[in-house]
Every structure is written in structure tokens, then in C-alpha cells.
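What follows is one structure encoded as C-alpha cells, with my remarks underneath.
Throughout, read-outs are computed from the coordinates displayed, never taken from laboratory work. Note that this is a predicted model, so its numbers are computed, not measured. Here the Cβ positions follow ideal geometry from the backbone for every residue, glycine too, while neighbour counts run over all protein chains shown.
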Amino acid sequence: MVRHVLARLGVTAFVAVLLGFFALPMLWLATAPFDAGASIRVSVPEFTLANFRALLVNPFAVGSLVNSAVQAGGAAALVVVLAALAAYALSRVQVPGRDLLLYLLLLMSSIVTGTAAMVPIFELATRLNLIDTHLGVILVVSGGLLPAAIFILKDFTDATPASYEESARVFGASPLQILRHVVVPLIRPGLATIAVWTVANVWGGFLLQFILIRDPGLAPGSVILYTLYTEGGQPDLPLVSAFSLVYSLPVVLMYVFVSGRYGFRFHGGIKR
Amino acid sequence: MGTDAAGLGRGRAMAFILPALVLIGVFLVFPALWTVYLGLTDYRLTGLAAAEPRFVGLDNYAAALTDARFGSSLWLTVQFVLGSAVAGQAVLGFAVAWVARGLRTPVRRAVEGLVLLSWILPGSVVAFLWIALLDRDGGTLNALLNTPGTAWLLDHPMLSIIVFNIWRGTAFSMMLYSAALENVPPSHLETARLAGASTACQLGDVVLPRIKGHVLTNLLLISLWTFNDFTPFLLTAGGPEGRSEILPVYVYAIALNGGRLGAGAAVSFLILLINLVFALIYLRLLRARNAPPTAAAPGGRGPV
Amino acid sequence: MISLRGLVKQFPGGVRAIDDLDLEIAGGEFLALLGPSGCGKTTLLRTIAGLETPTAGRVGIGGRDVTALPPGRRDVAMVFQDYALFPHMDVAANIAYPLRVKRVGRAERRARAAATADRLGLSGLLERRPAQLSGGQQQRVALARAIACRPRAFLFDEPLSNLDARLRLTARTFLKRLQRELSVTTVFVTHDQGEALALADRVAVMSGGRLAQVGTPAEVFQRPLTTFVASFIGATPMNLLPGRAEGGALLVAGARLTPPGPARGLPDGEPVTYGVRPEYADLSFEPREDGFPGRVGVVENMGTALLVTLEPAGGGDGPLVQVVVPEEGGEPALGTPAWAVPRTSRALVYREGRLLGAPVAPAPASAEPTA
Ligand SMILES: Nc1ncnc2c1ncn2[C@@H]1O[C@H](COP(=O)(O)OP(=O)(O)OP(=O)(O)O)[C@@H](O)[C@H]1O
Ligand SMILES: [Mg+2]
């Protein structure tokens, strides 16, 4: 009995510490953006929306959100389309060397990280005139995300019975019609997963964008956050806090939406 | 599979695969190969060696391996991976997953929601949250611990980034272990409990053997990701005096900041090799079906 | 109507799922394709549809060689075992899908889908998704979709196997009536022989990628051409007993039998297999020279009749013999000595697995339109 009570107490204490540990850093994000005297300190805010107004007049803040959206949206579109085509073909057609190809793709995508390849990626982008372009970010990021995306989508397609497609085929549908009418609607949850996963990756990504974009007018939110300094060379905290909140909201909302709709299946961004 | 259900045919199948392969080839495979080449030159960002890089053989590797800064960086990386991934995220993630099973739904939601939120928030925002938390003058932590004036990021840079990374990455382990624990039949735990086994015994005898594959997968993946994580740069920029300069930051510092692209590429290649070891073990597990399909994509965090 | 000549399908692994098969199916005919699991029924159907490319041989539909045509241009409709109703489309859209592919206008599509649905009793369900339908309703939607494109032939792959026993009977009757009304050539795959005998104009029994016998249900049931067909067809399997010819009679399992017509005049010592259905033998409790001796081992009540299994009298390991007796006589006590007396006119004699007195070719391949 005593042991039981102690155990319960232990669990309660653990949960309390846990909640504290994970909530503590977030307090600042909840209070500082609305605080007239925003600083590092977490305080009961002197409520104001002035910080958000300041954001509007900042030359790069709003633009950077647009840049983030363009880069994330562009990469998501590219990854979804290319991964879907490749995954479908790999799932349904016995392309020679398919298994080896999939294995190598998976291997490559796990070892060639931004960290390990930043030098050549910078070099490559420079030579292809992709520095300071949205396209550069989109292409580089997509190249890195595609193998995993193909893998996940192939899982989805493999799990779809072929009889749907065969049925449509007997009725005379062409391969492209089958793809449009049957396959895409059937693997829509998979496509949504990939889209969300790509957007989250690009939206939160820092290193590649930091390397590839020099022009603050083209930089995404993750990079612009580090340029919000006062004239004294200190981070402009009211601005930083307000921007952090605005910049975080889209991804958080997206996850809430997706988890409400499909259930939270994002292990490492991966379903199941 | 392999029945061409839609009548695609080989040609069209190839046409479907090719665009993705081209993109992957150009922006993933080619950079990896180029790393190997660049690592053998004295290529620089500016100056004479930028125009005409010379082939210098293994000089960069020799230089790196004898460079005290590289050695210390490697050692810091080992600490970072062992401390924040293996000892931190994996253990805490399991503890949360285990404890959460017994919690009432609202509490469970709150715990899991918070842990997930810390993982969902963009890295650069999270870094600022921690800068605010750990600040010397007005930081919440100092106010809480009543230790005004302690500059955590300066005095304990490694500890700071380790705790930071635990905070940031525990969610993945938690989710993976939650899924794994769902596969442990409750009847087995009941049996053990009825037999009077303590929690520790239950874990050792009933749970662990069943989730071995998950544990291994988790350790491999989070180690791989932590090893390649650049986010600590946003907290400490490797400082002070390189005391938190883990390998990714080191590469950035010497290559893109210091302009020694060749030397940076050489270190990048070493990182690639270490990644390769992790990935090969992981794919072996995946093939032997010992690993859960969960992480069908090790690149789950993307290349960033 | 459908004509298959020298058809071979060999899968990459080396499996010969169809092995040099010839078959003619007449216009409007309902052919049931029957056989044990793995004998190649589905493969044959898919080859007719064009979903599999034959390794050798030709497929003709409606007098046209379609071997090289893709499935969509063969003008056939196929109903899959899992129905393959598109889960993201409602019933109306599912039924209208073949028309959509043929670029029929939206209004006409709707109208024709509604008319077809009406005919199959689906009018109230047009807005539902497949997941919101019962198994029987799904099956009818699949039929409606097949009908809607007015094909020249229907191909069904075990369309009733996902229904429960009662519903299956209803759906079977429904299907037969529909096929009569439309009089569209139909190939119907099943491994349920009751279904095959009940529905089909002709039954094709397959084994190991070949046709073992093609004939009317009565022919296949009464005169199975091989011991394989004999043992496969029938609610209770045929008694197939080894024996030999001697002095103008047949010695089989302890009985001395008069051979049926085609088996007369066999040389002495010739080994044969004597076949008689349990329904075509009588049980005698008096010793009979022309009866298989044994003891009542098992009695199974089949509702209107009893199935009695005789065990060898000495308890040795001779063959078991089964007899169907009317249940009015009451159940015989276990262990009672009894004799199973075959009716000679119904008995079949096989030599080397083939029926004596049958035409030389094992499976007549010519079309015999019966409808
Ligand atoms: N795609 C394929 N690749 C290789 N072998 C196949 C393939 N499809 C079928 N087979 C083989 O061909 C043979 C015939 O298969 P088929 O599906 O036609 O049998 P079936 O008569 O329809 O059986 P069932 O009654 O179980 O549906 C089997 O041995 C099967 O294993
Ligand atoms: Mg079949």
C-alpha cells in the first residue's frame, strides 16, 4: 500500500517536473509578444499589440513570411508531384534494379545531410546561379526530401489494391486517367502527409536557407529572425518575440489541423 | 506488387521516375561525391585558390586529424550525441511514453501536446526561446533558481545545448515508444503484475524484449540526427572559444565563415562516413524486419 | 464469341498458370469456370480481359483477334472479387465511371446511371459511398457498373464469394435472371461447384492450367470424363474404387460387378477404377455378391437423406464406401454389416484416369451452344 502511494506520488512529481520543463521556455513566447516592455524576462504583460504593429513596418519581416511561404509551398508542390509519380511507377512496374535503387536512395537521404554537404551545395548553387533565388532553395531542399517522400508514398501505393486501377483499365481508362481519377484520390492521405511534412521541414529549416540566401529581401522567416537587431547591436526583443509567434503559428496550426483530420501519425514526420 | 495495374509500361514508368532521380542526383548525390573531390583540394572561397584550386591529396585530412580544434570538436560532438540523444531524448522519451499510459486523458493530452509542440516549433524560434530562458540578466531560469547573473550559455555552453536538444527532440522518442508500447499485450503486463513483479522487473522481463527493435531504431536515428544538428549554432555559435563547437558548426566555421572550402569538405566527408555507418546498421535492421516500419524514412528531419 | 486458341500463360517465376488451352464460348452463353484453388481460373479470366499478356496463343472476342489490344479496347466488363468500387466516388459516380471514360456528357451519364441503378434496385443509394453499403449492395453496384457500359462480354471473378450463404443464393438467382435478360456472353469464375452447376449453360472444369472437361452441368455431373473431375464435382464425392477385370466381370473391393456397357470385354487382369456416386448406390443388409461389403462406420444426417460410410468388415485398411440412403428407413446402427450395391447403369469405369466409352479427345473444345 505504502509502495503504491509512493509510486503515485513519484508519478505526479515526474509529470509536474515534465510539464514545467517543457512549458517553461514557451512562456516567453506566450507573454513577450504582447508585452509593452518586452524583454528577455517573462513577466505579466502590460498588454499591447504595438509589437505586431512594429512588425508591419519592419522592411523584411512580412516579406520573409511570404518568402517562407513561397519556398515551402514550392518545395511541397515539387516534392509531392515528383515523389508521387516516382513512387507510383516504382510500386507498380518492375523497373530493373528497383530494389537496389530504393536502397541507395534511402541510404543517400540519410547520410547526405545539409551539414555534411553544405560546402558542395553552396558551390553548386553558386555555379548554377541559384544563390539568392527561391528556386535554389526549392530545388536543393526538394532533392534532399525526395527519397524519403518516395519511400513513404510507395508504402501508401503498395497498400492500395491494384484491382481499382485494373477495373478502371478494363473500362478503357488511359494510364493518365487512371492516375487522375483513381490513384491520386486513393493515396490522398499520403499526399497530404508528404505536403505537410515538406512544408514543416522547409518552414522550420535554417541552415540551407542561411547558406543559399544572402539578400534579406529573399530570406525566409527562419533567417530573418536573426537579423532583427536594434541599432545598438542587441536583438530587438519586442520585434523578435512578436515575429516568433507569427512565424510559428502556421506550422502549429497545420499540425493541429492534420492531426485532427488524419490522426497524429508523424513519427519523424512519417506516418504510422 | 509489380503487376502493372494501370498499364503504364516500362517507358512511361521510367519517365515518371526520371525527374525525381535527376533532382536527387543533382542536389543530393552529386554534392556528396563533390565533397570527396573538394576534400582533396585546397579550394578556398576567395583569393588565388578560389580561381585555381590545387590538388593536395590527403593534406586536408592530415591537417584535420592533427588539428586540436578538430579533435576537441569531435569530442564535443560525442558528448552532445551521448548526452542529449542517447541519455537524454531516448530515456526521457521512454519515461514519458511509459508514464503517459497511466495518466488521465486530459493530463496525458497536455503532456504529449507540450512535448510535441517543442518539436513542431521552428528551430530558429526555439533557439530564441532558450536564449530568453537562459539569459544572464533577465532570463527566466535565473529568476527561478535565484541565481542572478549566471550566464548559462557562456559558463556552461555544452550543458546548455545538451539540455536544449533534449527539450527539442524528445517528442520523436516519445512517439516511437508510445507506438511500441501499444504493441505490448496488456495481458502480459497484467500477468507480471499479478506475479508481484516490480515496475523495474516488468520493464526488463516483459517490455524490453518486445520493443528491442524500436529501441535500436530510435537510438540510431536520433543519434544520426543529433550528430548532424546545426541548431546549437543559433544558441552559442560554437562559442565561447569553441567550447560548444560541435562538428556541424566546425565545418560551417572553417568552410563558409573561414573560407577554407577544401578543408571543410574534408571534414564533411568524415561526417558522411560516420553517417554511413549509422545508416547501414539501420537499413540492416529494417531489412531484417527487426526494426519497426515507423521510420521508413531516416531522412525524417530532412537535410537541414 | 470468345475464342481461345493454344493459350499459354507462363509467369516470370516459371509457373505455367495456363497450359495450352483451347476454348470456344458461344454468343450469349453463360460459362462457369470451375476448379480447385490455384488452377489458373483468375489468370484465364484476366488474360481474356487483357490484364495479362499471354505467353503464346490467341484471344478472340466477337470474331476479332484482340490478343494485342489493351483491356480498354476489348469491350468487356470485369467484376472483381473485391468489387473494386472506387471508395472516393458515390454509387452514381461509380456506375457512371465507364461512361465518363468514354466521354459521355455529364447529364446523360447521370441519367443512364440512374436507369441502371433502378433496374438493379439501387435507386435509393445513388448518393452513398461504397463503404456505406452492405456486401450485397456493393455486389449489385459492381454489376450495375459492368452493365452500364454495355459490354460484349461479362467477366466475373468469384463475385459471390464475399457474400454470406443466404445472400449468395439470392444474388445467384438475380444474376442468372439478369444474364438471361441481357443475354450477354458471360464467363464466371468460381470454386463453388454448386454455383457453377446452378448458373451455367456450360461448365469448364480446370486443373493445373488445362481444361479437364467442358460440358453442360448435367454432362459434367453425370459423366465426368476423368477421375479428377469425378472427385471434384458433386456435393458428396464420388466413390472411386480400384479393381480389375476378370471373366467378363469386375472385381472391386470384395464385390463382383457387371460392367456397364462401355467397359465390357476388358481383358482379364486389366486394372480399372470403378466410380459410383453415393446417390447412385443402395444399401443392403443382406449379403450380395454385387455389393461392396462393410460395416456401418459413420452416419451423417444431411437433412433429407443420410450419408452412410461403410468401413471394411475386417477392420483392415480397404477403401471406404459412401452411400446416400433416404432418411425414412431410420439410421442404421453402427457396426451393422451392410453391402453397398451400385446401380450398374449409373456406374462409370475409368482406365488410367479416363472414362471408358468417352470420346477420344479428353475435352471437346468445339462450341456447343446450348442456350
Ligand atoms: N502475378 C503472378 N506471378 C506469378 N505467379 C502467379 C501470378 N498470379 C498467379 N500466379 C500463379 O498462377 C497459378 C494460378 O493462379 P490463379 O490466381 O489463376 O488461380 P485461381 O484458379 O484463380 O485460384 P483461386 O481459386 O485461389 O483464386 C497459381 O499457381 C499462382 O500462384
Ligand atoms: Mg482466383
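Which of the lysines could a cross-linker bridge to C:LYS9, judged by Cα under 28 Å and excluding same-chain residues fewer than eight apart?
C:LYS41
How large is ³J(HN,Hα), in whole Hz, for each residue of segment C:298-308 in order, when computed from phi with the Karplus curve 6.51 cos²θ - 1.76 cosθ + 1.60 and θ = phi - 60°, using x for Gly and Pro?
9, 10, 10, 7, 9, x, 8, 8, 10, 9, 9
Quick one: what are the phi-derived ³J(HN,Hα) couplings along segment C:33-46, Karplus 6.51/-1.76/1.60 with θ = phi - 60°, whole Hz, x for glycine and proline?
Running phi through 6.51 cos²θ - 1.76 cosθ + 1.60 with θ = phi - 60° gives 9, 10, x, x, 4, x, 7, x, 4, 4, 4, 4, 4, 5 Hz.
For helix A:61-92, what angle does its Cα long axis make with the longest principal axis of chain A, in degrees from 0 to 90 and rounded to 10?
Taking Cα atoms only, the helix is inclined about 20 degrees.
In degrees, nearest 10, range 0 to 90: what is the angle between the Cα axis of helix C:135-148 and the longest Cα principal axis of chain C?
Long axis of C:135-148 versus the principal axis of chain C: about 60 degrees.
Residues with amide H under 5 Å of C:ARG295's amide H, sequence separation 5 or more or different chain, H placed in the peptide plane at 1.01 Å from N; which?
C:GLU311, C:ALA313, C:ALA338
Given H placed on each backbone N at 1.01 Å, which residues far from C:VAL79 in sequence or on other chains put an amide H within less than 5 Å of it?
C:LEU155, C:PHE156, C:ASP157
Hey, what number do you get for chain A at 222 nm if only DSSP H runs of n ≥ 4 count, each worth -39500 (n - 2.57), divided across all residues, to the nearest 500?
-23000 deg cm²/dmol
Can you tell me the order of C:346-358, B:146-158 when each peptide is scored by its average per-residue count of other Cβ atoms within 10 angstrom, highest first?
Top of the packing list down: C:346-358, B:146-158.
Determine the shielding of peptide C:77-87 by partner chains: average, over its residues, the number of Cβ atoms on other chains within 10 angstrom of each Cβ.
Counting Cβ atoms of other protein chains within 10 Å of each residue's Cβ and averaging gives 5.
What distance in nm separates the simple spin-label points at A:TYR226 and B:TRP75, each placed 7 Å from Cα in the Cβ direction?
2.7 nm
Give me log10 I(q)/I(0) at q = 0.09, 0.15 Å⁻¹ for segment A:56-208, Debye formula, one equal scatterer per alpha-carbon, no solvent.
Scattering profile of segment A:56-208, log10 relative to I(0): -0.36, -0.86.
Can you give the FRET efficiency for B:VAL215 and B:ASP137, using 1/(1 + (r/R0)^6), R0 = 41 Å, r = Cβ-Cβ distance, to the nearest 0.05?
Taking R0 as 41 Å, the efficiency between B:VAL215 and B:ASP137 is 0.45.
Going toward the positive end of the dipole of segment B:178-250, with +1 on Lys and Arg Cβ and -1 on Asp and Glu Cβ, which of B:ALA192, B:ASN228, B:LEU203 do you reach last?
B:ALA192
What value does the protein assembly as shown have for Rg/Rh, both radii from Cα atoms and Rh as Kirkwood defines it?
1.12
Just round it to a whole percent: the fraction of Cα-Cα distances in chain A exceeding 24 Å.
62 percent
HN-Hα J couplings of segment B:226-233 from phi, Karplus 6.51/-1.76/1.60, θ = phi - 60°, integer Hz, Gly and Pro as x?
5, 4, 9, 6, 9, 4, x, 3
List, largest first, the extents of the alpha carbons of chain C along their principal axes, each in whole Å.
If we take the Cα atoms of chain C, the spans are 78, 45, 38 Å.
Hey, got a sec? Which chymotrypsin sites (Phe, Trp or Tyr not before Pro) in segment C:18-93 land in a DSSP loop and have at most 15 other Cβ atoms within 10 Å?
none
Can you tell me the dipole magnitude for chain B around its Cα centre, using point charges on the Cβ only (Lys, Arg +1; Asp, Glu -1), in Debye to the nearest 20?
Once rounded to the nearest 20, the dipole reads 840 debye.
Is there a simple number for the mean count of other chain Cβ atoms within 10 Å of the Cβ of residues in A:174-183, and what is it?
Average neighbour count from other chains, rounded to a whole number: 5.
Using a ≥ b ≥ c from the Cα gyration tensor of segment B:68-289 (square roots of the eigenvalues), is it rounded, prolate or oblate, where a/c under 1.5 gives rounded and otherwise the larger of a/b and b/c decides, a/b for prolate?
oblate
Which of the lysines could a cross-linker span from B:LYS212 if the Cα-Cα distance has to be under 29 Å and same-chain partners fewer than 8 positions apart are dropped?
A:LYS154, A:LYS271
So, by mean Cβ neighbours within 10 angstrom, what's the order for C:239-247, C:202-210 with the highest one leading?
C:202-210, C:239-247
Mind giving me the FRET efficiency for C:ARG128 and B:ASN183? R0 is 60 Å, r the Cβ-Cβ distance, nearest 0.05 is fine.
Plugging the Cβ-Cβ distance into 1/(1 + (r/R0)^6) gives 0.95.
Please compute the Cα-Cα pair-distance distribution of segment A:113-272 with 5 Å bins starting at 0, giving whole percents from short to long.
1, 7, 13, 14, 15, 14, 13, 9, 6, 4, 2, 1, 1, 0, 0
As I understand it, the value is the acute angle between the Cα axis of helix C:106-119 and the longest principal axis of the Cα atoms of chain C; what does it come to in degrees, rounded to 10?
Helix C:106-119 and the main axis of chain C meet at about 30 degrees.
How far apart, in nm, are two points set 7 Å out from the Cα along the Cα-to-Cβ line at B:ALA195 and at A:VAL17?
3.0 nm
Which peptide among B:199-208, B:29-38 comes first, and what is the full order, when sorted by highest mean count of other Cβ atoms within 10 Å?
Final packing ranking: B:29-38, B:199-208.
If I histogram all Cα-Cα distances within segment C:280-364 using bins 5 Å wide from 0, what percent of pairs lands in each bin?
Taking all Cα pairs of segment C:280-364, the binned fractions are 3, 14, 21, 20, 15, 11, 8, 6, 2, 0 percent.
Would you calculate, for chain C, the mean residue ellipticity at 222 nm contributed by helices, counting each DSSP H stretch of 4 or more residues as -39,500 (n - 2.57) and dividing by all residues, to the nearest 500?
The helix contribution divided over chain C gives -7000 deg cm²/dmol.
Toward the positive end of the charge dipole of segment C:2-225, about the Cα centre and with charges on Cβ (Lys, Arg +1; Asp, Glu -1), which of C:LEU175, C:GLY208, C:VAL8 goes farthest?
My answer, from the dipole projection, is C:LEU175.
In whole Å, how far is the Cα centre of segment C:122-140 from that of segment B:76-141?
When both Cα centres are located, 49 Å separates them.
Could you name the lysines in cross-link range of C:LYS102, using Cα to Cα under 17 Å and dropping any fewer than eight places away on the same chain?
Output for C:LYS102: empty list, no partners.
Please state the charge dipole magnitude for the protein assembly as shown, taken about the Cα centre, from unit charges on C-beta atoms (+1 on K and R, -1 on D and E), reported in debye and rounded to the nearest 20.
It comes to approximately 1480 debye.
For A:143-154, what's the mean count of beta carbons from other chains sitting within 10 Å of each residue's beta carbon?
What the average comes to for A:143-154 is 6.
Show that you can apply the helix-only estimate: for chain B, add -39,500 (n - 2.57) for every DSSP H stretch of four or more residues, divide by all residues, and state [θ] at 222 nm to the nearest 500.
-19500 deg cm²/dmol
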